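Asker: Take a look at this one; I'll ask things after.
The values are calculated or read from the model by the stated rules, or taken from the named source; none is laboratory data. Remember, predicted model here, so these are calculated numbers, not experimental data. Ideal geometry is used to build each Cβ from the backbone, glycine not excepted, and the neighbour counts take in all protein chains shown.
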């Protein structure tokens with residue numbers, strides 16, 4: 001039991017300190033809905049500064065989906081309880097709760113971003 005807790009703590013620390021690199025092949029998507037490498041927002045007008053951010057960088061699930069779709073996300077981590085951490089390339093971390101475990105993975109897959117966004121599960 002203590003080994004499991006230690007492993008989980010180590011994985012979380014690795015995510016917080018350096019971000020997740022699993023499933024990150026470094027390829028950039030050519031999808032028109034994603035921002036360009038210079039960080040400019042896509043043509044539909046998505047503006048991350050308009051996202052409602054609560055204490056501890058808490059955001060809604062819908063806002064998390066928009067950030068994953070349109071912003072420069074480095075990695076995501078999900079827990080067994082459904083908590084999701086969305087890490088940006090500038091190392092800002094947003095937190096949300098997904099409706100069902102693995103919804104964040106399904107969303108990333110649906111967007112065709114499995115090679116662009118590191119995914120960590122706990």
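Asker: Scan the stretch 76-94 and give yes if some residue there is at pLDDT 95 or above, in contact with a helix residue (DSSP H, G or I) (Cβ under 6 Å, 6 or more places away or on another chain) and over 22 Å from residue 122 (Cβ atoms), otherwise no.
Answerer: No, the conditions are met nowhere in the stretch 76-94.
Asker: If I go through the stretch 94-116 residue by residue, how many of them are under 22 Å from residue 45 (Cα atoms) and under 10 Å from the mean Cα position of the chain (by Cα)?
Answerer: 2
Asker: When you scan the stretch 95-117, how many residues do you find that are under 18 Å from residue 57 (Cβ atoms) and out of contact with any helix residue (DSSP H, G or I) (no Cβ under 6 Å at 6 or more places or on another chain)?
Answerer: Residues in the stretch 95-117 being under 18 Å from residue 57 (Cβ atoms) and out of contact with any helix residue (DSSP H, G or I) (no Cβ under 6 Å at 6 or more places or on another chain): 2 in total.
Asker: Please enumerate the residues belonging to the stretch 76-96 that are without any contact (Cβ under 8 Å) to a residue 40 or more places away in the chain and closer than 14 Å to residue 118 by Cα.
Answerer: 84, 86, 88, 89
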